[in-house]
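To start, the structure under review is shown below, and the notes come after it.
Rule-based calculations on the coordinates, nothing more; no lab input. What you see is a predicted model, and the numbers here were worked out from it, not measured in a lab. Every residue, glycine as well, gets a Cβ built from its backbone with ideal geometry; the counts of neighbours run over all protein chains shown.
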Amino acid sequence: MVVPAWILRYAGRWPGASLIALVAGAGLLAMVCGFLISYWTGNYRMRMNGVRYHLIRDLMRHSLTMPYQNTLNPQVLADINFANDTVANPVRGAGGIILTLLRLFGGALAALGFAGLIASLSPWFMLGMAALFALTYLLSQKADALEAAGWEKTREPDRHWYAISTVAKDPSHKKDILLYDTAPLILTYLKNLRRQVMKVMEGVIQKRFRLEMIIAFLNLVRDAALFAFIIRRFLAGSLDAGGFYLYSAGLAGFMTVAQAAMTDLSAIRREGKRFAAYIRLVAPDQPDTPPEKGAPLPEGGDLALENLTFRYPEADKDTISGLSLTIPKGQKLALVGENGAGKSTLIKLICRLYRPSAGRITLDGRDIWDIPEAEYFRLLGVVFQDAMILPFSLKDNVLMGEAWDEARYHQVLKLSGLDRIIGDLPSGDATTLMRVLDDEGVELSGGQRQALFLARALYKDAGALLILDEPTAALDSLAEKALYERYGAMAQGKTSLFVSHRLASTQFCDAVAFLKGGLITEYGSHRELIKQGGEYAALFDIQAKYYRKEVNHA
């Protein structure tokens with residue numbers, strides 16, 4: 001811009017060689033500056049992507065370590081989904097701020113330079129232009145506020161859409177989708193959810209469009225006034241041809257970079273609001289309070305449930321209601337009842353995954369919520385009916401991050417029966433499970449999964465409690481009996497809870513607690529409850545007939 005103006009002004013005064021040298025020098029300087037800007041921009045983006053990946057890691061850590069009870073809160077789940085989009089999307093939230101900051105820095109410097117050039121003609125005129133820019137910026141802020149309000153309204157349907165699409169893309173669900181022709185049903189749900197989002201966003205777009213029209217009109221008035229001012233000065237003779245070119249080109253550049261800077265500032269503020277949701281979610285994370293000195297953690301003792309009550313959010317009645325029970329140290333207790341009786345909920349309460357609505361649970365006289373979470377979890381060995389298999393090696397799935405102990409590892413493989421399964425795998429215990437990280441990964445059968453989960457619980461070698469929550473749901477009665485016999489032998493001396501709606505486990509236990517409607521309605525040994533002839537005895541008789549038929553058919 002400056003070089004052409006000088007050429008116009010001094011073309012008749014400077015020799016041709018000087019003009020050529022000026023053009024060549026300007027071109028070389030522009031080339032060097034372009035190279036440096038490209039290098040710095042690339043380096044900046046690489047470093048800022050590293051920052052974004054750290055933010056993603058912190059969100060993942062938050063999701064992995066947050067209280068389990070948060071999974072019952074739809075708002076928390078929606079916040080996590082929104083925060084993930086804030087840092088995972090390279091042009092939104094943190095990514096949008098990172099990309100815009102570098103552009104804004106250069107644009108702001110250029111705008112200041114152009115503003116100084118325009119102000120040299122008339123400072124008062126420049127102040128008037130600045131006022132117009134400020135007005136358009138405020139209108140942009142109002143438009144961004146409308147968009148932010150739209151985000152809040154679309155969080156829930158966005159989360160549901162993502163959840164359904166994840167299910168639809170899961171290869172394990174493919175056979176059901178094909179055999180039952182479920183694709184149209186899934187697509188209908190997805191369309192309805194997307195329609196909810198679009199309805200909200202259409203309203204936002206219409207309101208934003210009206211504001212953008214006002215902004216465009218103000219920009220037109222500003223640009224016309226600026227050009228009219230310079231043309232008037234040129235026609236009045238206050239500017240020669242070089243000066244006219246310099247100021248008109250500067251004016252065009254100023255309008256471009258200043259408008260871009262206003263847009264970038266507005267974008268940073270908008271994406272900052274989006275990123276604030278991430279900060280509110282992740283920032284409060286605090287490390288678990290360490291145990292006080294002089295208060296050793298219990299390695300055992302009686303487990304007492306005292307007037308325990310629990311109600312799920314938004315539920316109209318308690319799932320567990322005023323339940324009291326003492327499990328002596330070393331006892332093997334079968335917790336049985338029909339589906340929906342509250343067995344799995346009770347186990348989650350004992351595992352300190354849910355906080356009781358009322359009452360408390362103590363271990364050796366100490367409230368389990370007064371024990372640091374990590375330390376309490378160390379005391380538990382649990383196998384849930386929906387236990388997780390990681391897409392890693394079978395060995396990793398047994399260790400689950402525990403320290404390596406070769407003798408203990410081979411012992412639990414033998415006790416759980418997993419050693420025989422490993423012998424049939426292509427790479428032994430190094431075989432990758434699932435086809436996620438390895439296309440040749442192995443899918444375990446129901447019985448093989450139970451053996452793996454049992455080995456996992458045994459390897460942890462928990463000192464206080466061993467819990468099996470519906471571990472035999474995928475097994476037939478004979479396999480179920482064999483598993484309980486094996487587990488009963490390995491649980492000697494440990495407090496153990498066997499949870500099931502099938503009663504094969506009860507004969508291997510010291511006591512049976514029968515749950516119905518969130519309360520223990522019958523308690524005693526298997527023989528005692530059979531003699532009482534109550535609901536437990538009736539249910540056992542029904543299941544015994546089924547087992548006899550299954551054995552006869554086998």
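Here the label points at Asn307 and Asp370, each 7 Å from Cα along the C-beta direction, are separated by 1.7 nm in the simple model. Can you classify region 329-470 as rounded, prolate or oblate using the Cα gyration tensor, where a ≥ b ≥ c are the square roots of its eigenvalues, rounded means a/c under 1.5, and otherwise it's prolate if a/b beats b/c and oblate if not? Judged from the Cα gyration tensor, region 329-470 comes out prolate (a/c at least 1.5, a/b above b/c). The protection proxy used here, the mean number of other Cβ atoms lying within 10 Å of each residue, ranks peptides 170-177, 225-232 as follows, highest first: 225-232, 170-177.
Computed from the C-beta positions of Asp439 and Lys395, the FRET efficiency with R₀ = 22 Å rounds to 0.65. The stretch between Ile56 and Lys191, if pulled fully straight at 0.36 nm per residue, gains 45.7 nm over its current Cα-Cα span.
Full extension of the segment from Ala131 to Ser172, taken as 0.36 nm per residue of separation minus the current Cα-Cα distance, would add 8.7 nm.
Length gained on full extension, Leu64 to Trp124, computed as 0.36 nm times the residue gap minus the Cα-Cα distance: 15.8 nm. Within the straight-line cut-off of under 21 Å between alpha carbons, the lysines reachable from Lys329 are Lys343, Lys348, Lys460, Lys494, sequence neighbours fewer than 8 places apart in one chain being disregarded.
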